[in-house]
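A.B. asks: Mind looking over this structure? Questions follow.
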Amino acid sequence: MTIGHMIKLIVIMFVLVALALGILAACAVKPLPKLEQVESRAIPPSEGTQLSKMLEEEHSEDPDLTGVVILGDPLDAFVARSALLNLAEESIDLQYYIWRPDTSGMMLLRDIYAAAERGVRVRLLLDDNNTRGMDDLLSILNDHPNIEIRLFNPFTNRKLRFLGYIIDFKRLNHRMHNKSLIVDGVAAITGGRNIGDEYFAAGDGMVFSDLDVITIGKVVPELARDFDNYWNSVLAYPAEQIITKEYGSDYIAALEKLRRTKYRADVETYEAALMKSNLLEKMIQHDLQWEWSKALLISDPPSKALGVWSENDFHKPLVQAIGDIHQEIFFVSPYFVPTGDGTKFLIDLVDKGVDVSVLTNSYDATDVAFVHAGYANYRKQLIDAGVKIYELKARYVDDVPDVRDKGLVGSSASSLHAKTFVVDKSRLFVGSLNLDPRSAKINTEMGMVILNEDLSLRIDRKIHEQLLERSYRVVSDKGKLKWLVYENGELVRTYETEPNTNAFERGFMKVLTWLPIEWLL
């Protein structure tokens, strides 16, 4: 057989497989049902709840200010969520892109179930892209009279979800990337963390070094209104319309799973963190150091997930909130694909005398090789123009890592997941937004701009404290990229190629850079 015949045969086989998958998808994927949704709104805060009374003395006299406490430590981030859920008396509203049914996820679901048993109204909105294998669990929760679950932009085939992408890619490609938790209408947590062990530093997997904030004051009712917009949107389907009895009937096993979190060393880690944490005690003793600041909530409308995109929805308000950049800006983004327009924007800043730095994942730290390839297309151009590029190192360990005080730059077993930037050491953005086309035009995103010089300066210092130790400084030398490794401030090693990669991986990465898929990244 000649090479020409082999190529024709491969093409024919590819076409036949594609046709077969298309026919299978058309038969196996049902259209979305007619939406049967009862509109509901956030319960106004009551002065009589325990949480309201605890926070009453904390509030600023200026109603236009927002109080924030940075949650950089992953265990503190878990404790803050668990503490608020256990304090809830009237309402809990939660909106997440990912909620893993692992140790931390189950412990927080147990907190939610216990709150519902106390009479608290719970509304849980989950993006349906990451609920695989959770139908029974979500069904039993949704059956509780005080819990309502909605699935955002759902898949109708619950077992073979990839078939949905084949015939309904245009719809299902849009996802809800927002993250927020609101309790009794008076306290909220928002930022970059999803719910799962990797976000709270448990288990033997990668720790997604991250950042979010617990907040009170002016921005909380704004977060509540934003939640309502998503909860009542045309893509938020009641769980019972999507999870049928065929796929969600094992209620007894699901209830038992909910009531008994599997006992592992992970549970000890979290329970010890809960016992040792002084966050709740500080709240009771009015000793939490709230950073009272002007804070602006920036959020995409849910219609963006329908493909209705406008830079006036998120990008323009974000730029206006940040204001002019005079001296420096430091971006932290796990997925960094600046595109041609973004590259020009960053280079223009450098040309104006602004110090521009970016911290993103190295190849061995990232969890999405395609995104790294998209970033690699612009890396040298940015560095040659004067943009400082740092790539977070990755280390893998078997035990639960010590993550205390590692903040944004991560632990010894980490993959960057924080999405933040500091402007002129006076303005701070914390949210779900990655610097890539997907965040810009495909997924819905949210975040807060915090106008607080002291806080911004501390975060900036925190980033820089161990930046060189925990990342590769990527430079351009005589037309070639090099990765510099520092220890104790001294250069100890230089890589001529991407660290911890082999020839095959580098070749694969090169092929990926040729693919016309930037718009998907």
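The values are calculated or read from the model by the stated rules, or taken from the named source; none is laboratory data. All values derive from a computational prediction rather than experimental measurement. Ideal geometry is used to build each Cβ from the backbone, glycine not excepted, and the neighbour counts take in all protein chains shown.
A.B. asks: Given the structure, is Gly447 assigned by TED's automatic domain parsing to the domain that holds Gly307 and modelled with pLDDT of 90 or more? Lay out the reasoning, then the answer.
C.D. replies: Values: assigned by TED's automatic domain parsing to the domain that holds Gly307: yes; modelled with pLDDT of 90 or more: yes.
Taking the combined requirement at face value, the residue satisfies it.
A.B. asks: Among all residue pairs at least 6 apart or on different chains, which show Cβ distances below 8 Å where the first residue, located in the range 61-73, is closer than 18 Å to Met283 by Cα and the second is of a type in the set (Phe, Trp, Tyr) and at pLDDT 95 or above?
C.D. replies: Listed pairs, sorted by first residue: Thr66/Trp292; Gly67/Trp292.
A.B. asks: For Ala115, state whether it is part of a helix (DSSP H, G or I), crowded, with 22+ Cβ neighbours inside 10 Å and at pLDDT 95 or above. Explain how you work it out, then say what you get.
C.D. replies: Numbers: part of a helix (DSSP H, G or I): yes; crowded, with 22+ Cβ neighbours inside 10 Å: yes; at pLDDT 95 or above: yes.
Judged against the criteria, Ala115 is a match.
A.B. asks: Here is a check on your reading of the model: is Met54 of a type outside the set (Gly, Ala, Ser) and more than 29 Å from Ile450 (Cα to Cα)?
C.D. replies: When the stated conditions are applied, Met54 does not pass them.
A.B. asks: Another question, then. Within the group Glu328, Glu281, which residue is in contact with a strand residue (DSSP E or B) (Cβ under 9 Å, 6 or more places away or on another chain), surrounded by fewer than 21 Cβ atoms within 10 Å (Cβ to Cβ) and at negative phi? Full working, then the answer.
C.D. replies: On the way: Glu281 fails: in contact with a strand residue (DSSP E or B) (Cβ under 9 Å, 6 or more places away or on another chain).
Going through Glu328, Glu281 in turn, the sole match is Glu328.
A.B. asks: Taking only pairs six or more apart or across chains, which ones have beta-carbon atoms under 9 Å, a first residue in the range 314-340 that is without any contact (Cβ under 8 Å) to a residue 60 or more places away in the chain, and a second residue that is assigned to a loop (DSSP other than H, G, I, E, B) and of a type in the set (Gly, Ala, Ser)?
C.D. replies: Lys316/Ser310
A.B. asks: Residues of the range 422-448 being in contact with a Leu (Cβ under 8 Å, 6 or more places away or on another chain) and in a strand (DSSP E or B), which ones?
C.D. replies: Val422, Arg427, Leu428, Phe429, Val430, Met446, Gly447, Met448
A.B. asks: In the range 71-78, is there at least one residue being assigned to a strand (DSSP E or B) and out of contact with any helix residue (DSSP H, G or I) (no Cβ under 8 Å at 6 or more places or on another chain)? Write out each step before concluding.
C.D. replies: First, pick out the residues of the range 71-78 that are assigned to a strand (DSSP E or B): 71.
Keeping just the survivors that are out of contact with any helix residue (DSSP H, G or I) (no Cβ under 8 Å at 6 or more places or on another chain) gives none.
Within the range 71-78, not a single residue is assigned to a strand (DSSP E or B) and out of contact with any helix residue (DSSP H, G or I) (no Cβ under 8 Å at 6 or more places or on another chain).
A.B. asks: Another one. Would you kindly identify the helices (runs of 4 or more DSSP H) lying entirely within the range 234-286 that contain at least 3 residues that are modelled with pLDDT under 75?
C.D. replies: 251-259, 265-276, 279-284
A.B. asks: May I pose another question? Could you say which residue among Leu71, Leu51, Leu85, Leu75 is surrounded by 17 or more Cβ atoms within 10 Å (Cβ to Cβ) and either assigned by TED's automatic domain parsing to the domain that holds Leu428 or modelled with pLDDT of 95 or more (or both)?
C.D. replies: Numbers: Leu71 fails: either assigned by TED's automatic domain parsing to the domain that holds Leu428 or modelled with pLDDT of 95 or more (or both); Leu51 fails: either assigned by TED's automatic domain parsing to the domain that holds Leu428 or modelled with pLDDT of 95 or more (or both); Leu75 fails: either assigned by TED's automatic domain parsing to the domain that holds Leu428 or modelled with pLDDT of 95 or more (or both).
Step by step, each of Leu71, Leu51, Leu85, Leu75 is checked, and only Leu85 is surrounded by 17 or more Cβ atoms within 10 Å (Cβ to Cβ) and either assigned by TED's automatic domain parsing to the domain that holds Leu428 or modelled with pLDDT of 95 or more (or both).
A.B. asks: Let me ask you something else. Across the range 88-112, what is the number of residues that are under 18 Å from Val186 (Cα atoms), aliphatic (A, V, I, L, M) and either assigned by TED's automatic domain parsing to the domain that holds Thr444 or part of a loop (DSSP other than H, G, I, E, B) (or both)? I'd like the intermediate steps shown before the answer.
C.D. replies: Initial filter on the range 88-112 (under 18 Å from Val186 (Cα atoms)): 88-95, 112.
Next, from what is left, pick out any that are aliphatic (A, V, I, L, M): 88, 92, 94, 112.
Still in the running and either assigned by TED's automatic domain parsing to the domain that holds Thr444 or part of a loop (DSSP other than H, G, I, E, B) (or both): 88.
Matching residues across the range 88-112 total 1.
A.B. asks: Considering only the range 158-171, how many residues are assigned to a loop (DSSP other than H, G, I, E, B) and basic (Lys, Arg)?
C.D. replies: In the first step, residues of the range 158-171 are kept if they are assigned to a loop (DSSP other than H, G, I, E, B); the result is 158-161.
Applying the additional criterion that residues be basic (Lys, Arg) yields 158-159, 161.
Of the residues in the range 158-171, 3 are assigned to a loop (DSSP other than H, G, I, E, B) and basic (Lys, Arg).
A.B. asks: Any idea which of His144, His174 is surrounded by fewer than 20 Cβ atoms within 10 Å (Cβ to Cβ), in contact with a helix residue (DSSP H, G or I) (Cβ under 6 Å, 6 or more places away or on another chain) and assigned to a loop (DSSP other than H, G, I, E, B)? Steps first, answer last, please.
C.D. replies: Details: His174 fails: surrounded by fewer than 20 Cβ atoms within 10 Å (Cβ to Cβ).
Exactly one residue qualifies, and that residue is His144.
A.B. asks: Please go through the range 346-369 and give me each residue that is among the hydrophobic types (A, V, I, L, M, F, W, C), surrounded by fewer than 18 Cβ atoms within 10 Å (Cβ to Cβ) and within 22 Å of Ser209 (Cα to Cα), ordered by number.
C.D. replies: Correct list: Val368, Ala369.
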